[in-house]
1. Suppose we keep only residues that are touching a Phe, Trp or Tyr at 6+ places or on another chain (Cβ under 9 Å) and over 15 Å from A:VAL167 (Cα atoms) within region A:17-38. Which one would you say is surrounded by the fewest Cβ atoms within 10 Å (Cβ to Cβ)?
2. Condition (residue is at pLDDT below 95 and within 13 Å of chain B (Cβ to nearest Cβ)) applied to region A:351-370: is it met by at least one residue?
3. Consider A:GLY229 carefully, then state whether it is under 21 Å from A:TYR102 (Cα atoms), more than 14 Å from chain B (Cβ to nearest Cβ) and of a type in the set (Gly, Ala, Ser).
4. Just wondering, is there one or more residues in region B:114-122 that are within 14 Å of another protein chain (Cβ to nearest Cβ) and part of a strand (DSSP E or B)?
5. Against the condition among the charged types (D, E, K, R) and either within 14 Å of chain B (Cβ to nearest Cβ) or under 24 Å from A:GLU358 (Cα atoms) (or both), how does A:GLU48 come out, does it pass?
6. Condition test on A:GLY263, is it closer than 30 Å to A:LEU111 by Cα, away from chain B (no Cβ under 14 Å) and of a type outside the set (A, V, I, L, M)?
7. What are the pairs, 6+ residues apart or on separate chains, where a residue within region B:292-316 that is of a type in the set (D, E, K, R) has its Cβ under 7 Å from a residue that is surrounded by 15 or more Cβ atoms within 10 Å (Cβ to Cβ)?
Amino acid sequence: MLTGLTLTQARAGLAARKFSARELAQAHLDAITRLNPGLNAYITVLPEADVLASADAADARYAAGTAGIMDGLPIGVKDLFCTKGVRTTAASKMLADFVPPYESTVTANLLGAGAVFLGKTNLDEFAMGSANMSSAFGPTTNPWKRKGDDTTALVPGGSSGGSSAAVAAGLALAATGTDTGGSIRQPAAYCGIVGLKPTYGRCSRWGTIAFASSLDQAGPMTRSVADAGLMLEAMAGFDAKDSTSSNRAVPAFHKAVGKSVKGLRVGIPAEYRAPGLPADVLAMWEQGIAWLKAAGCEVVDVSLPHTRYGLTTYYIIAPAECSSNLARYDGIRFGMRKDAPSLDGVYEATRAAGFGQEVRNRILMGTYVLSAGYYDAYYLKAQKVRTLIKRDFEQAFETVDVLLTPTAPSAAFAQGENMDDPVQMYLNDIFTVPASMAGVPALSVPVGLNEAGLPLGLQVIGRHFDEETVLSIGGALEAAAGFTHIPSVHAGAGA
Amino acid sequence: MSYTIEGRTGTWEIVVGLEVHAQIISHSKLFSGAATTFGSDPNTQVSLVDAAFPGMLPVLNHECVAQAIRTGLGLKAQINLHSRFDRKNYFYADLPQGYQISQFEHPIVGKGAISIELQNGDVREIGITRLHIEQDAGKLLHDQDPTKSFVDLNRSGVALMEIVSEPDIREPEEAGAYLRKLRQILRYLGTCDGNMEEGSMRADVNVSVRKAGEDFRTRCEIKNVNSIRFVMQAIEVEAARQVEIWENGGEVDQETRLFDPGRGETRTMRSKEDAHDYRYFPDPDLLPLVLEQAWVDELAANLPELPDDKRARFQAEYGIAFYDAGVLVAEQAVADYYEAVARGRDGKLAATWVMGELFAALNRTSNTIETSPVSAAALGKMLDLIADKTINAKLPRKSLKTWWKRAKAPRPLWKRRACAR
């Protein structure tokens, strides 16, 4: 089943000429035609002719022996990455017709490695959300269903919910995501796939529509840990156009998977044992600890004392940056414009019509915390707490190599749940936000199903720029868990 | 203190501070690679960064940083090895990002000073509070269409230095002298062309009035005054307006005002209630600006000679008067010309010729020192001929007009005449 392969398997198949990139692309286009109307994982599917032309070019490179590391591999691109000549919406009415004349660095790197783009995947509007409910193009539905309940539509997580649903359902071998406070890891956990948020600065932010600049980081969403390493190799690298991008060399990440983890020290942060944490999540965490012990890791209790301030601090800093980053959507130069008799009128009409409720909430929060008289109490204080959170991680990493936590406090919930209480919705990010605040790499690995038959993920957090150890530990968890479950909606099922 | 306003209730003095926006001379903009040539067709020098397209990021142009450091050194100011870029948030059609990248809390240059000279010969020191780097906005064109405004983003993102003075200025004349001196220093350094007509140097003027010995009273800011003469006029009329208000028992409101040179008055642009809350915060797209002392030292070592130093040296080296030296160093090109003439010769004689016959001839023929038909070398040779008495000093002076017209090198002409004589 071509739509069920990992990147690594597909790459080997293409190299061995077992199937062509055209066949691989066609299988995915067919799957998209069949399943996307129900899942709404893609906002834009590229024209078949264009996809097949890219695939043919990849086939030619295989024939010539010049194939890149992602050559001929069909993937989805979160619709937050600007793609030259291809509509890029950020799932917002504001950019519903925006066609960038430029290619983001990350997608350009992937194209340079030979990847075949299938389309642009759905997300929460401007990547703000944890359920993919705030997309102006309608919610994405999780391909997983609760056991015995085929009717309740579940959320795929967010904000990279279109990417996670597409990868889980076989509508792409892998997809790009972006993570600001958990937007790669939480949807990966909800959809039973792997998601890696690299170290801040590992992937260039140039050409990726900004939500919160000091937190945004692109990363891979894949079916295996090795795939995450492989795809990150293609995405990452120094970019002179992004002043915050790192000039460190990009290691052969995929080789880190399968390396022995014996003797590595795994920290279990006490503060993540939050009161009210569901039993299934807790049990899965204990299971993960047991697997790593069995693999020869030394498990150590650690403390990250400022964890409990992570979420509140995040919801000051991220909205503050977003309120400024989204000021450019003013109706003057690109995107939606609603005319009005005055300049202020144009701003008000355009932004009221162009932004959805969640985006407006965050712009308002951000504007408030940066306002004169509140800046010191909110933004400045939050920055100080952020420094303490970062220090927590640095201190923990003096004694341990990685941290192991649950990715999210629950499995996927139903569409419409948590919608009336934004704070409840924000709590989804409680385990993912601290690593974002610290800028450290973090990986979500699917490790099992709960009683309702829904996937749960564990999170591995590592030192700055030590994605390799994170991937090694992730690989060990993956091997021990042997997670091979497939969601109810899948290109390989019932075809 | 010579400038005061006599009111009904007593004598008022004025307190003025200036904020000068000086466009940095550089090939490309502060955070993008777009060009900066003045007078290009609208929207032809705009990158995706300048137009703030989604996902675009600023990258600092280090030449602009070097220019700011040079300027700071020229102002004898503290160079801050750690500075930071902040976002100043507000909405306007000429501001594509919805924020200006500026330096709010931690500017690249701290306290310095400029010494100014008044017409009566007094020399005063005006403190510099700070200098920071920021982006310029674009320009709105209101005269292209009866109902629409057009936006030209050529200037959007161009690098500016904002140079803030202490409120040390007490007379309109001092403000004029300060601006002229600042412009002279910038031109010597080659960091700003100081062209106020083209807007590459603009001044915001902070004015308040007070009675002797009082603390500062409320000030008003007069925005974007575009000539030195207008700055001096604006201070006079604004100070008079404020005195009038105070003397009538009123209260001066802190506000932003505009100077209307046609009517000779200032009027409200923005009252305090409408003042923007700029919501400054550190720009997360840029790293803190950390300078190495060695680089600053290198820039300092390669700094051109500044006007005050040159003036002192001309006095010492060529034995000319303080006033004459001031005239000769006013413009770098004149100073260079003079020095080429004076070097190895009688400096006083050189000064007499340059400031006398040459300036007169340049004026008469609407030439500048750059377009002078007589080169410094030629004038120098002539002085040599006078010195060795090959020619009579009076002869070339008389024939300068002819010489000028023909624009020929002097030697063959005089040789002929000398021989004839």
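The values are calculated or read from the model by the stated rules, or taken from the named source; none is laboratory data. Note that this is a predicted model, so its numbers are computed, not measured. Cβ coordinates were reconstructed from backbone atoms using ideal geometry, including for glycine residues, and neighbour counts include every protein chain displayed.
1. In this case the residue turns out to be A:ARG17.
2. no
3. When the stated conditions are applied, A:GLY229 does not pass them.
4. No, every residue in region B:114-122 fails to be within 14 Å of another protein chain (Cβ to nearest Cβ) and part of a strand (DSSP E or B).
5. No.
6. For A:GLY263, the condition - closer than 30 Å to A:LEU111 by Cα, away from chain B (no Cβ under 14 Å) and of a type outside the set (A, V, I, L, M) - is not met.
7. Listed by first residue and then by second, the contacts come to B:LYS310/B:VAL329; B:LYS310/B:ALA335; B:ARG311/B:ALA325; B:ARG311/B:GLY326; B:ARG311/B:VAL329.
Condition check ((1) under 30 Å from B:PHE91 (Cβ atoms); (2) surrounded by fewer than 13 Cβ atoms within 10 Å (Cβ to Cβ); (3) among the hydrophobic types (A, V, I, L, M, F, W, C); (4) within 14 Å of chain A (Cβ to nearest Cβ)) across all residues:
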{"site": "B:TYR318", "(1), (2), (3), (4)": "no, no, no, no"}
{"site": "B:ALA321", "(1), (2), (3), (4)": "no, yes, yes, no"}
{"site": "B:VAL329", "(1), (2), (3), (4)": "no, no, yes, no"}
{"site": "B:ALA340", "(1), (2), (3), (4)": "no, no, yes, no"}
{"site": "B:ARG343", "(1), (2), (3), (4)": "no, no, no, no"}
